[in-house]
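The values are calculated or read from the model by the stated rules, or taken from the named source; none is laboratory data. What you see is a predicted model, and the numbers here were worked out from it, not measured in a lab. For neighbour counting, all protein chains shown are included, and Cβ atoms are generated from backbone atoms with ideal geometry for every residue, glycine included. Heavy atoms of the whole protein, side chains included, go into the accessibility calculation; ligands, DNA and RNA do not. Shrake-Rupley method; radii C 1.70, N 1.55, O 1.52, S 1.80 Å.
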Amino acid sequence: MQPLPDSLRPTAERLFADRLELAERFVALLAEQGPERGLIGPREVDRLWERHLLNCALMVDAIDSAAPHATTLADIGSGAGLPGVVIAIARPDLQVTLVETMQRRATWLEEVNAELGLGFEVVRSRAEELHGVRTFEVVTARAVAALDKLARWTLPLVAEDGMLLAMKGSSAVDEVENAQKVLTKLGGVDPVISQYGVGEVEVPTTVVQVRRRAKATRKGDARG
């Protein structure tokens, strides 16, 4: 098992509370199986807590801030379960759906679900295939694609007045600027870039938050 560094324990305890043991078990699974199953690179094993687990767990703060009353969440392109599994551990009150296209990764997520008893849903599908079929109050994604492309995949899955929370890096400002036309076309409004974990972790988590505008009810839309 990859031990939790003492310097990060207060943050981990704040985010995971009494489910920290589940997070530690997830780290152990990632460290043991991740590299050989092509889920993470071998170099990532020694920095799972800081670079991955806490980076993703800080999404809980973003959810609390942007969508405090949300009950449903979908993570697009879940891969190794980052951030989807981490969110499911930290927020057991949320109905979490992990959307993953690759069979081997979907299988891994199912195995993790069974091993840890987290109760999330795994859907093996491309995000576009769920358009018009499923919506969620919060949709998350990490390292999937540039925001303009990501918005095309994810905003149709966001319920009206719901939130897209995209984990980004230093390119966040440029990505928001480049994606403005696409966001507007898809009903995405009020893009905000926020950082979480400042003063707690070496590299804070940067999140682009986009609200999906509620459609105005037009006269004649209602049917008797």
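Looking at the range 201-214, is at least one residue in contact with a helix residue (DSSP H, G or I) (Cβ under 6 Å, 6 or more places away or on another chain), open to solvent by less than 60 Å² (accessible area, probe 1.4 Å) and without any contact (Cβ under 8 Å) to a residue 40 or more places away in the chain? The answer is yes; a qualifying residue exists.
A Cβ distance below 7 Å, combined with a sequence gap of six or more or placement on separate chains, defines the contacts here; from the range 106-119, residues that are within 15 Å of A31 (Cβ to Cβ) reach residues that are charged (D, E, K, R) and modelled with pLDDT under 95 in the pairs W108/R37. When you check V86 against the structure, is it open to solvent by less than 20 Å² (accessible area, probe 1.4 Å), modelled with pLDDT of 95 or more and in contact with a Phe, Trp or Tyr (Cβ under 8 Å, 6 or more places away or on another chain), yes or no? The answer is yes for V86. With respect to N113, is the statement that it is farther than 26 Å from I193 by Cα and not β-branched (V, I, T) true? Yes; evaluated as a whole, the condition is true for this residue. Picking from residues in the range 196-210 that are touching a strand residue (DSSP E or B) at 6+ places or on another chain (Cβ under 9 Å) and in a strand (DSSP E or B), the one that is nearest to A146 (Cα to Cα) is V208. Taken over the range 126-145, residues that are small (G, A, S) and either in a strand (DSSP E or B) or surrounded by fewer than 15 Cβ atoms within 10 Å (Cβ to Cβ) (or both) amount to 3.
Candidates A62, A151, A106: the one that is under 21 Å from R37 (Cβ atoms) and hydrophobic (A, V, I, L, M, F, W, C) is A106. Give me the residue from the range 164-186 that is of a type in the set (K, R) and farther than 20 Å from A74 by Cβ and, out of that set, surrounded by the most Cβ atoms within 10 Å (Cβ to Cβ). Only one residue fits best here, namely K185.
Does A88 meet the test of being over 19 Å from T206 (Cβ atoms), under 15 Å from the mean Cα position of the chain (by Cα), assigned to a helix (DSSP H, G or I) and of a type outside the set (D, E, K, R)? Yes, satisfied.
For the range 31-47, the criterion of being assigned to a helix (DSSP H, G or I), surrounded by 19 or more Cβ atoms within 10 Å (Cβ to Cβ) and β-branched (V, I, T) is satisfied by no residue at all.
Are any residues in the range 13-23 surrounded by fewer than 21 Cβ atoms within 10 Å (Cβ to Cβ), touching a Leu at 6+ places or on another chain (Cβ under 7 Å) and under 18 Å from E200 (Cβ atoms), and if so, which ones? Scanning the range 13-23 gives a single hit, E13. If you go through the range 91-111 and keep only what is assigned to a helix (DSSP H, G or I) and crowded, with 24+ Cβ neighbours inside 10 Å, you end up with W108, L109.
Filtering the range 1-12 to residues that are surrounded by fewer than 16 Cβ atoms within 10 Å (Cβ to Cβ) and touching a helix residue (DSSP H, G or I) at 6+ places or on another chain (Cβ under 7 Å) leaves M1, P5. Within the range 150-195, work out how many residues are acidic (D, E) and either touching an Asp or Glu at 6+ places or on another chain (Cβ under 8 Å) or not in a strand (DSSP E or B) (or both). Total meeting the criteria: 3.
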